[in-house]
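What follows is a set of notes on a single structure, which appears directly below.
The values are calculated or read from the model by the stated rules, or taken from the named source; none is laboratory data. What you see is a predicted model; the values in this text were computed from it and never measured. Virtual Cβ from ideal backbone geometry, glycine too; neighbours counted across all protein chains shown.
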Amino acid sequence: MLTENREFDEIYGKYKNLVLKAAYTYSGNYDVAEDITQSTFLQLYIYYHDMNHSNIKSWLYTTAKNSALNYRKRARREILEEMTAEESVIQDTVESAEDEFLQEIRDIDRSDLHERIFEALMNKNRRWYDAITLAYYMEIPQAKVAAEMGIRIEVLHSLLHRAKDWIKKEFGVEYDELNRL
């Protein structure tokens, strides 16, 4: 169990921004991201003694990400249901509603593609995934990412370059096709 909440406070202070940023990035809603952050740390507090303490950072990030993705899926269903009801009532704004709907569908497809890219990248090479996520997605300075990963900055640049080349090779056509529409 956590000793007088000191360990929990240290973990919270160290990772609260990481969890909030992950939740916000995947949910797109700051209020929801705050709720997800609170829920994630509550789960950590409850299950701390059952966890592998060497991967708390990864667990926090993954938990926040999955909660945010679940929120988006629920919200997407609600939006589509609302849009269907509105379309039957408002017939004179069909063109603008169609344009908005198509844009939302493209945004959803783009988000799904990004999610698949990250999942495939993680399955392909965990170090590539970590480097891309920290440097580009979390926007942590590359020098700090290299230090956190325990590698030189040149090695980080090499990892990032190889990861980007692999992503272009595996998903380039699909990404170009999606953005062409």
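Can you confirm whether GLU170 is among the acidic types (Asp, Glu) and exposed (fewer than 11 other Cβ atoms within 10 Å of the Cβ)? No, not satisfied.
The sole residue among LEU134, LEU159 that is more than 20 Å from LYS21 (Cα to Cα), surrounded by 13 or more Cβ atoms within 10 Å (Cβ to Cβ) and not basic (Lys, Arg) is LEU159.
Filtering the range 1-55 to residues that are surrounded by 15 or more Cβ atoms within 10 Å (Cβ to Cβ) and hydrophobic (A, V, I, L, M, F, W, C) leaves PHE8, ILE11, LEU18, VAL19, LEU20, ALA22, ALA23, VAL32, ALA33, ILE36, PHE41, LEU44. Suppose the filter is modelled with pLDDT of 90 or more, touching a Phe, Trp or Tyr at 6+ places or on another chain (Cβ under 8 Å) and of a type outside the set (Ser, Thr, Tyr); does ARG152 pass it? Taking the combined requirement at face value, the residue does not satisfy it. Residue pairs whose Cβ atoms lie under 9 Å apart, sitting 6 or more positions apart in sequence or on different chains, and linking a residue in the range 102-115 that is closer than 16 Å to GLY172 by Cβ to a partner that is surrounded by 14 or more Cβ atoms within 10 Å (Cβ to Cβ) and modelled with pLDDT of 80 or more, are LEU113/PHE171. Residues that are out of contact with any helix residue (DSSP H, G or I) (no Cβ under 8 Å at 6 or more places or on another chain) and of a type in the set (A, V, I, L, M) within the range 121-170 comprise just one, ALA147.
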